[in-house]
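Below is one structure, written out as structure tokens; comments come after it.
The values are calculated or read from the model by the stated rules, or taken from the named source; none is laboratory data. From a predicted model like this one, the values you see are computed outputs, not experimental measurements. Note: ideal-geometry Cβ built from the backbone for every residue, glycine included; neighbour counts use all protein chains shown. Quick note on the areas: whole protein, heavy atoms, side chains included, nothing else; ligands and nucleic acids left out. Shrake-Rupley method; radii C 1.70, N 1.55, O 1.52, S 1.80 Å.
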Amino acid sequence: GYWIEPGDPPALQAMLGLTAAPGNLTRQEVVARYIAASGRTVDDPRFYYLYGVFKIAVIVQQIYARYRRGATQDARFAGLGAVIAACGQLGAAAVEQGRISALKL
């Protein structure tokens, strides 16, 4: 879930975008490397990707809710609503498109 690609939403690129830099592998290429190195099979990487973006959304939503209630004052948390929405968009796109890389939003 933390592996961001160039076409992913700007909110996620701003927060986690190092993997979107030119020359980095796509999510699918990371899975292929894992399969090759480990000898294991990964029947449907979408399950793991969806689980990952869901977990990120839950964690970020907890932080954002605390910010909205005034329990924390860190201004960096003000934009986390867009990160939560982006996780949902990517998860829905992965389901609809049947893949984890090069998702069209």
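Structure above, values below:
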quantity	calculated
Cβ-defined net charge surrounding C87, 12 Å radius [Lys, Arg +1; Asp, Glu -1]	0
Formal net charge of residues neighbouring Q28 (Cβ-Cβ distance under 15 Å; K, R +1; D, E -1)	0
Karplus-derived HN-Hα couplings along segment 92-103 (A = 6.51, B = -1.76, C = 1.60, θ = phi - 60°), whole Hz, x at Gly and Pro	5, 5, 5, 5, 5, 9, x, 8, 10, 10, 6, 6
The chain: relative contact order in percent, alpha carbon pairs under 8 Å with at least 6 residues between	32
Mean Cβ count within 10 Å, highest first, over the residues of peptides 91-98, 35-42, 7-14	7-14, 91-98, 35-42
Å² per residue, accessible surface of segment 50-105 at 1.4 Å	60
Of all accessible heavy-atom area on the chain, the percent that carbon and sulfur account for (1.4 Å)	59
Spacing of the two label points (7 Å from each Cα toward its C-beta) at Y2 and R99, in nm	2.6
Radius 14 Å from Cβ of R76, net charge of other residues (Lys, Arg +1; Asp, Glu -1)	+1
Table column - 3J(HN,Hα) (Hz), segment 80-91, Karplus curve with 6.51, -1.76, 1.60, x for Gly and Pro	5, x, 5, 5, 4, 4, 5, 4, x, 4, 5, x
Choice from G88, G79, G70 showing the highest fluctuation, given a GNM over the chain with Cα pairs closer than 10 Å	G70
5 angstrom amide H check on I4, placed H, neighbours 5+ away	T19, A20
From the coordinates shown, volume of the Cα convex hull per residue in Å³ corresponds to which of (i) 123; (ii) 100; (iii) 195	(ii)
Backbone HN-Hα couplings from phi across segment 5-18 [Karplus 6.51/-1.76/1.60, Hz, Gly and Pro as x]	10, x, x, 6, x, x, 4, 6, 5, 5, 8, 10, x, 4
